[in-house]
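Have a look at the structure below, then the notes.
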Amino acid sequence: MESTPYRQIRALFDDETVAVYQAYAPEIAEPALAAGTFVPPFGLNRMTWIKPSFLWMAYRSGWGTKPGQTRVLRIHLKRTGFEWALAHSTLSHYDPAHHESEESWRTALATSPVRIQWDPEQTLHLQPQPKVRSIQIGLSPKAVHHYVHDWITSIEDVTTAMHHIHDLSQTNPSEAQAALPTERPYPLPHDLATHIAATTDPPPN
């Protein structure tokens, strides 16, 4: 990813939907799969984080093996909802290059229903890539209600695929790389890209 922009959304998407990932215990995952959206015991009144990067989900969940994260879900969202989340977000951390002042950032953080983090993207062997960031989107309860009731179009279980890619990564990395979902740069209007501090150029060496 030498030429990949430093902060860029890369995702599996089509004209109408975009895929994000979450991992849960079976008691949350199975009812969600049956209903096509999240239902109890999923909690609507707490922050939930969604991730477009399959490898970042692999890192976060230990390839779907960590307690409470043994079922990896690919959630397909309406692109309109996904972009609403981005438009109503604030960066989780103060960035003097992006915010007018620390005070204005704190005010925005306190009132925004969505938080954005740009964390190091992961390699196939779950090593952080210092020059490539992957977006994580934190939904507050207000945004979670939209997520569950308005944005989700379908949910699929990709746990088996994640375990298979992990196994391949140990024996045949090139085949494992080929088996990864095709995550393409997600097209953003300029003002929205600016709002979330996305970049178009790779970082300087």
So, first residue without any contact (Cβ under 8 Å) to a residue 60 or more places away in the chain in segment 170-184, second residue aliphatic (A, V, I, L, M) and part of a helix (DSSP H, G or I), Cβ within less than 8 Å, six or more apart or across chains; the pairs are 175/168; 176/165; 176/168; 179/161; 179/165; 179/168
Within segment 22-75, restricting to residues that are aromatic (Phe, Trp, Tyr) and over 15 Å from the mean Cα position of the chain (by Cα), the one that is farthest from residue 176 (Cα to Cα) is 42
Residue 188 vs (1) more than 19 Å from residue 63 (Cβ to Cβ); (2) touching a residue at least 60 places away in the same chain (Cβ under 8 Å); (3) crowded, with 16+ Cβ neighbours inside 10 Å; (4) touching a strand residue (DSSP E or B) at 6+ places or on another chain (Cβ under 9 Å): all pass except (4)
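Every residue, every condition in (1) surrounded by 13 or more Cβ atoms within 10 Å (Cβ to Cβ); (2) assigned to a loop (DSSP other than H, G, I, E, B); (3) at pLDDT below 95, yes or no:
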position: 2; (1), (2), (3): no, yes, yes
position: 32; (1), (2), (3): yes, no, no
position: 37; (1), (2), (3): yes, yes, no
position: 57; (1), (2), (3): yes, no, no
position: 76; (1), (2), (3): yes, no, no
position: 84; (1), (2), (3): yes, no, no
position: 96; (1), (2), (3): no, yes, yes
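Across segment 99-131, which residue is surrounded by the fewest Cβ atoms within 10 Å (Cβ to Cβ) among those that are of a type in the set (Ser, Thr, Tyr) and under 18 Å from residue 194 (Cα atoms)? Break it down stepwise before answering.
The initial filter retains those residues of segment 99-131 that are of a type in the set (Ser, Thr, Tyr), namely 101, 104, 107, 111-112, 123.
Within this subset, residues satisfying the condition of being under 18 Å from residue 194 (Cα atoms) are 101, 104, 112.
Values: 101: 10, 104: 12, 112: 17.
It comes out as 101.
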Next on the checklist: I'd like to know if segment 49-62 contains one or more residues that are closer than 20 Å to residue 111 by Cβ and of a type outside the set (Val, Ile, Thr).
Outcome noted: yes
Practice item. Determine, yes or no, whether residue 108 is touching a Ser or Thr at 6+ places or on another chain (Cβ under 6 Å) and either farther than 19 Å from residue 49 by Cα or polar (S, T, N, Q) (or both). Key: no
Checking 134, 169, 154 in turn, the sole residue that is out of contact with any strand residue (DSSP E or B) (no Cβ under 7 Å at 6 or more places or on another chain), of a type in the set (S, T, N, Q) and either closer than 19 Å to residue 49 by Cα or surrounded by 14 or more Cβ atoms within 10 Å (Cβ to Cβ) (or both) turns out to be 169
Residue 17 vs (1) free of Cβ contacts under 8 Å to residues at least 24 places away in the same chain; (2) over 15 Å from residue 196 (Cβ atoms); (3) surrounded by 16 or more Cβ atoms within 10 Å (Cβ to Cβ): all pass except (1)
One residue is enough: does segment 83-104 have a residue meeting the conditions acidic (Asp, Glu) and closer than 24 Å to residue 177 by Cβ? no
Filter pass, residue 160 being exposed (fewer than 14 other Cβ atoms within 10 Å of the Cβ), within 17 Å of residue 55 (Cα to Cα) and touching a residue at least 60 places away in the same chain (Cβ under 8 Å) | no
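The values are calculated or read from the model by the stated rules, or taken from the named source; none is laboratory data. Predicted, not measured: the structure shown is a model, and the values here were computed from it. Quick reminder, even Gly has a Cβ in these numbers, built from the backbone with ideal geometry, and neighbours come from all protein chains shown.
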